[in-house]
Amino acid sequence: MKLADTDILILPGLGNSGPGHWQVRWAERMNTAAIVEQADWDEPDLDDWVATIDQACRLTTRPVVLVAHSLAVMAVAHAGPRLPANVRGAFLVAPPDIELSPEAPEETYVFRPIPRDPLPFPSLLVASSNDPYVSLERAVEFANCWGSDFHQAGEAGHINLASGHGPWPEGLLMFTRLMQRL
């Protein structure tokens, strides 16, 4: 699938992706990309986040590919069954283990339980071996449940600015491979 023929909906996690974050950089560089704005980035409401993602997908008539980071990955897992057929794929990065990780913020608990049903579209889940919010084993479990391809990103932390991932060219290569598969 060609990038020019697709709407890329970028879904930040808890607290939003600030200036310099790879998601913001991608939104600035990809002509067909847009960041989906949630009503409340700091006190998320599961139903509101899911409805916002669903509405953003329905507002376009072109094929959609989702690019989710952190808590937005869990929102995609919840939203998956109700999303329209124009959603063709998802790039899922650094899913937090909001059930077992002691580092998961309390604000994320409203996304419990983590859905285990397969996503109705192809996806690629990228996780780090030293993410403070999820063990590699749990990330693999999520990928298996959701029917996602899995990529281990090495010691990349939470794959955000704090872990040194501003531009994240390796992620762009992974995303390109997913797009070629769709």
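The values are calculated or read from the model by the stated rules, or taken from the named source; none is laboratory data. Predicted, not measured: the structure shown is a model, and the values here were computed from it. Using ideal geometry, Cβ is built from the backbone for each residue, glycine included, and neighbour counts are taken over all protein chains shown. SASA here: full protein model, heavy atoms, side chains in, ligands and nucleic acids out. Shrake-Rupley method; radii C 1.70, N 1.55, O 1.52, S 1.80 Å.
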Local electrostatic count, residue 87, Cβ distance below 14 Å [Lys/Arg +1, Asp/Glu -1]: +2
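Ignoring ligands, DNA and RNA, how do 6, 61, 176 rank by accessible area with a 1.4 Å probe, largest first? Before the final figure, lay out the partial values.
On the way: 6 0, 61 140, 176 60 Å².
Sorted descending by solvent-accessible area, the residues read 61, 176, 6.
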Quote the accessible area belonging to residue 141 in square angstrom, nearest 10, computed with a 1.4 Å probe and with ligands, DNA and RNA left uncounted. 70 Å²
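Mean projection of the alpha-carbon convex hull of the chain over all orientations, in nm²? Kindly include the intermediate steps, with their values, before the conclusion.
Values: hull surface 35.1 nm².
Result: a mean projected hull area of 8.8 nm².
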Heavy atoms of residue 57 accessible to a 1.4 Å probe, total area in Å² rounded to 10: 0 Å²
Of the peptides 26-34, 46-54, how do they stack up when ordered by the mean number of other Cβ atoms within 10 Å, highest first? 46-54, 26-34
With a 1.4 Å probe and every protein chain left in place, work out the accessible area per residue of the chain in Å², rounded to a whole number. 44 Å²
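What is the gain in length, in nm to one decimal, between residue 182 and residue 162 on full extension, counting 0.36 nm per residue of separation less the C-alpha to C-alpha distance? Write down the numbers at each step before the final one.
On the way: separation 20, 0.36 × 20 = 7.20 nm, distance 3.11 nm.
Residue separation times 0.36 nm, minus the Cα-Cα distance, leaves 4.1 nm.
Can you give me the relative contact order of the stretch 59-141 as a percent, contacts being Cα pairs under 8 Å and 6 or more apart? Let's see the in-between values first.
Values: 125 pairs, mean separation 27.1, N = 83.
Once divided by the residue count of the stretch 59-141, the mean separation gives 33 percent.
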Any DSSP H helix in the chain with Cα axial reach of 24 Å or more and mean Kyte-Doolittle score of at least -1.0? Listed by number, the hits are none
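Ranking request for peptides 69-75, 118-124: highest mean number of other beta-carbon atoms within 10 Å first, then the rest in descending order.
Numbers: 69-75: 28.1, 118-124: 18.4.
Ranking the peptides 69-75, 118-124 by packing returns 69-75, 118-124.
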Calculate the length of the line joining the C-alpha centroid of the stretch 130-182 to that of the stretch 2-73, in whole Å. 16 Å
On the accessible surface of the chain, probed at 1.4 Å with all protein chains in place, carbon and sulfur together account for a percent value of 51 percent
